[in-house]
Protein chains: 2
Amino acid sequence: MLSLTEENYLKAIYHLSDGGSKAVLTNALAEAMSTKAASVTDMIKKLSAKEVITYEKYYGVNVTSKGKSEALMVIRKHRLWETFLVDKLGFAWDEVHEVAEQLEHINSPRLIEKLDEFLGYPKVDPHGDPIPDHKGKIKIVPQIPLDQLAIGYQGKIAAVKDSDSNLLKYLDKIGARPGVKIKILGKEDYDESMEILIDDHRVFISKAVSQNILVVG
Amino acid sequence: MLSLTEENYLKAIYHLSDGGSKAVLTNALAEAMSTKAASVTDMIKKLSAKEVITYEKYYGVNVTSKGKSEALMVIRKHRLWETFLVDKLGFAWDEVHEVAEQLEHINSPRLIEKLDEFLGYPKVDPHGDPIPDHKGKIKIVPQIPLDQLAIGYQGKIAAVKDSDSNLLKYLDKIGARPGVKIKILGKEDYDESMEILIDDHRVFISKAVSQNILVVG
DNA sequence: ACTATTTTTTAGACTAACCTAAAAATATAC
DNA sequence: GTATATTTTTAGGTTAGTCTAAAAAATAGT
C-alpha cells in the first residue's frame with residue numbers, strides 16, 4: 001500500500017521515465033515534484049523498500065513491473081475522472097486536471113469499475129490520452145508533435161502534451177481539441193512558427209505551441 | 001484550511017454534539033475517532049487555534065459557527081457523493097459509506113456545485129438524511145426512532161440511524177429502505193421486539209433494529 | 001590527470017499525527 | 001469531608017514527510 005505522497009512520486013517517475021523505458025535522475029524528480037533533492041533521496045529509499053522502483057546511487061531510478069502496474073492504475077483513475085468531469089458534469093477540458101489530481105487517489109476498485117461502466121468504457125480522456133484498462137493495459141497510438149512535421153501534412157489532433165491550464169485555454173480558444181482535423185499550411189524558418197488550418201480556419205502558432213500538439217495519421 | 005484529519009475530527013464533534021447543541025467530552029471523541037484521549041487533547045488545541053471549536057479544560061468542546069458551516073460542507077459533500085454512487089453508479093445503499101468518507105475530502109467548490117446540479121439538487125441522501133444546500137442550510141425533518149412509537153402507528157421510513165454495513169444489509173433484505181410505508185402491528189413487552197408491516201409484508205424485528213429505524217408522520 | 005564544478009547523498013532538524021506513562025483535575029463514595 | 005476512582009491533561013517519544021547545510025561522488029576543463 002502506497003501513501004498519497006508515494007503514489008504521486010511513483011506517477012512522476014513513471015512519466016519522467018517514459019513509461020519505464022529510461023532511468024530518472026534525482027534532480028529531475030525534485031524539479032517535477034517541486035521539492036529538494038534531499039527529500040527525493042529519502043523518498044527513493046522508501047519506494048525501493050516497497051519494490052516499486054530500483055535504485056542505484058548516483059545513477060538513477062527505474063520502475064519495476066510492480067511499480068508500472070501501480071502507476072498505470074493511478075493514471076487510469078486520473079483519466080477516467082477527467083472523462084467524468086467533462087462528459088457528465090460539463091467541465092471544460094482545461095479545468096479538470098487539478099480536481100483529477102485529487103480524485104485519482106480515491107481507493108476503491110469497485111468505484112473505478114462502476115465509473116468506467118457508467119462512462120461507457122472510454123478509450124481516451126478529454127486530452128486524447130489513452131485510458132489503461134482494468135488490467136493496466138494501455139493502447140499506445142504513436143503520436144507526433146506537430147513541429148516535427150512538414151508543410152502539407154494533414155491529419156487529426158490526437159492529444160495535447162502539457163496540462164498547463166493557460167496552454168489548454170489558448171488551444172481551446174483556437175479550436176485545437178483532440179479529434180479535430182488539422183493541416184500545416186506554412187512554416188517560418190526564423191522562429192519555427194507555423195500557419196495551420198484547424199477545422200477549416202487559419203491560425204498562426206509559435207513553436208512552443210506546435211510542440212505541444214500531438215497528431216496522428 | 002483544515003487538514004484531512006482535522007476535518008474528520010470536526011465532523012465527529014459536530015455529530016456528537018447533535019449539530020452543535022451540546023458539549024463533547026474528550027473520551028467520547030477519542031472513542032468516536034478510535035484513538036486515545038491524549039491524541040484528542042492535542043487535536044482539540046489545534047482546532048481551537050483554528051477557531052472552529054471552543055475548548056474548556058476538563059469540561060468539553062463546543063463548535064463555533066465557523067466550525068458548524070465547515071462541518072456542514074463536509075456533510076454536504078458526503079451525502080451528495082453517496083447519492084451519486086447509488087443513483088448514477090448503481091451501488092447498493094449499504095455499500096457507499098466508506099467510499100463517501102474518502103470522497104467527502106475532495107476540495108473543489110465548483111465540483112460540488114456541478115455534482116449537485118447533475119444529481120438534480122437532491123434533498124436527501126440514500127439513507128434519508130437531509131443534504132445541506134450550498135449555503136450550509138439543512139432542512140430538519142423531525143425523525144422518531146420506531147421503538148418509541150405505539151402499536152397501530154403508521155407512517156414512512158425517513159432514515160436509518162447507524163451506518164453499520166451489516167445493519168444496512170439486513171434492513172435492505174427485509175425491505176426497510178427510506179421512503180417505504182411502515183406500520184406497527186405488535187410489541188413484545190419482554191424483549192421489546194416488534195412485529196411490523198413493511199410495504200405490505202410482515203416482519204419481526206428486535207429492539208436493536210427498531211431503535212435504528214427513524215420514521216416521520 | 002588533477003582541479004573545479006555539478007550532482008547526489010548524508011546529517012541533523014522541523015511539523016503533523018500519533019502513541020504510552022505519569023501527573024493533575026474532577027467526580028464519586030462512604 | 002477526606003479517600004478513592006475516573007477523566008483529562010501533560011510530558012516525552014515515534015513515524016512520514018519536509019527542509020538546510022555540509023560531505024561525498026561523479027563529471028568536466030584544461
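The values are calculated or read from the model by the stated rules, or taken from the named source; none is laboratory data. Just so you know, these numbers come straight off a predicted model, no measurement behind them. So basically every Cβ, Gly included, is an ideal-geometry build from the backbone, and we count neighbours across all protein chains shown. These area figures cover heavy atoms from the full protein model, side chains too; ligands, DNA and RNA do not enter into them. Shrake-Rupley method; radii C 1.70, N 1.55, O 1.52, S 1.80 Å.
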Task: Inter-copy separations for B:K181, label at 7 Å along Cα-Cβ, nm, ascending - done: 6.2
Open item on the list: What does the net charge come to around A:V63 if you take all other residues with beta carbon closer than 11 Å to its beta carbon, with K and R at +1 and D and E at -1?
Closed with: +1
Open item on the list: Testing the spin-label approximation: label points 7 Å from Cα along Cα→Cβ at A:I138 and B:Y190. State their distance in nm.
Closed with: 6.6 nm
- [ ] Could you calculate the FRET efficiency of A:D18 with B:Y170 from 1/(1 + (r/R0)^6), where r is the beta carbon distance between them and R0 is 56 Å, rounded to 0.05?
- [x] 0.60
Task: Cβ-vector label at 7 Å, A:A49, separations to other copies in nm - done: 2.8
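Compute the Cα gyration tensor for the stretch A:144-216, then decide on rounded, prolate or oblate, letting a ≥ b ≥ c be the square roots of its eigenvalues: rounded whenever a/c is under 1.5, prolate when a/b is larger than b/c in the other cases, and oblate in all that remain.
Working: a/c = 1.45, a/b = 1.21, b/c = 1.19.
It is rounded, given that a/c, with a ≥ b ≥ c, falls under 1.5.
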TODO: Anything losing 10 Å² or more of accessible area from the isolated chain to the full protein assembly: pick those residues out of the stretch B:113-145, probe 1.4 Å, ligands and DNA/RNA ignored.
DONE: B:K114, B:L115, B:F118
TODO: Mind running the shape call on the protein assembly as shown? Use the C-alpha gyration tensor, a ≥ b ≥ c as the square roots of the eigenvalues: rounded below 1.5 for a/c, prolate if a/b tops b/c, oblate otherwise.
DONE: prolate
Task: Per residue accessible area of the protein assembly as shown, 1.4 Å probe, in Å² - done: 52 Å²
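Based on the Cβ-Cβ distance from B:Q211 to A:A150, what FRET efficiency comes out when R0 is 60 Å, to the nearest 0.05? All intermediate terms of the calculation are to be shown ahead of the outcome.
On the way: r = 76 Å, r/R0 = 1.27.
E between B:Q211 and A:A150, to the nearest 0.05, is 0.20.
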- [ ] Indicate the gyration tensor shape class of the stretch B:1-58 (rounded, prolate or oblate), computed on the Cα atoms with a ≥ b ≥ c the square roots of the eigenvalues: a/c under 1.5 is rounded; otherwise a/b larger than b/c is prolate and the rest oblate.
- [x] rounded
Open item on the list: At a threshold of 8 angstrom on Cα-Cα distance, excluding pairs fewer than six apart, so keeping six or more, what relative contact order does the stretch B:4-63 reach in percent?
Closed with: 36 percent
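Carbon-plus-sulfur fraction of the accessible area of the stretch A:4-63, 1.4 Å probe, in percent?
Values: 1750 of 3440 Å².
That share works out to 51 percent.
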Open item on the list: If I build a Gaussian network model for chain A, linking alpha-carbon pairs within less than 10 angstrom, which residue out of A:Y190, A:Y58, A:Y153 has the largest mean-square fluctuation?
Closed with: A:Y190
Open item on the list: Compute the distance from the alpha-carbon center of the stretch A:30-109 to that of the stretch A:144-201, in whole Å.
Closed with: 28 Å
Task: Over 31 Å between alpha carbons, listed pairs B:K66/B:K207; A:K88/A:K181; A:K46/B:K11; A:K50/B:K50 - done: B:K66/B:K207; A:K46/B:K11; A:K50/B:K50
Open item on the list: Give me the percent of accessible area attributable to carbon and sulfur for the stretch B:66-177, probe 1.4 angstrom.
Closed with: 53 percent
Task: GNM top mover of A:V74, A:V86, A:V160 - chain A, alpha-carbon springs below 10 Å - done: A:V86
Open item on the list: 7 Å along Cα→Cβ for the label point: how many nanometres lie between B:P109 and each equivalent label in the other copies, listed shortest first?
Closed with: 3.9
Task: GNM top mover of B:S163, B:S34, B:S69 - chain B, alpha-carbon springs below 10 Å - done: B:S34
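What is the extension gain from B:E51 to B:K88, computed as 0.36 nm multiplied by their sequence separation minus the C-alpha to C-alpha distance, in nm to one decimal?
Details: separation 37, 0.36 × 37 = 13.32 nm, distance 3.73 nm.
Extra length available between B:E51 and B:K88 comes to 9.6 nm.
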- [ ] Counting helices only, and only those DSSP H runs with n ≥ 4, report the 222 nm mean residue ellipticity of chain B as the sum of -39,500 (n - 2.57) divided by its residues, in deg cm²/dmol to the nearest 500.
- [x] -12000 deg cm²/dmol
Open item on the list: Just to be sure I understand the model, the point goes 7 Å from the Cα along the line to the Cβ. What's the resulting A:K181 to A:S65 distance in nm?
Closed with: 4.5 nm
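As a test of the definition: with a 1.4 Å probe, what buried accessible area, both sides summed, do you compute for B against A, in Å² to the nearest 100? Each step should come with its number before you reach the end.
Values: alone 12220 and 12230 Å², together 22760 Å².
That pair of chains buries around 1700 Å² in total.
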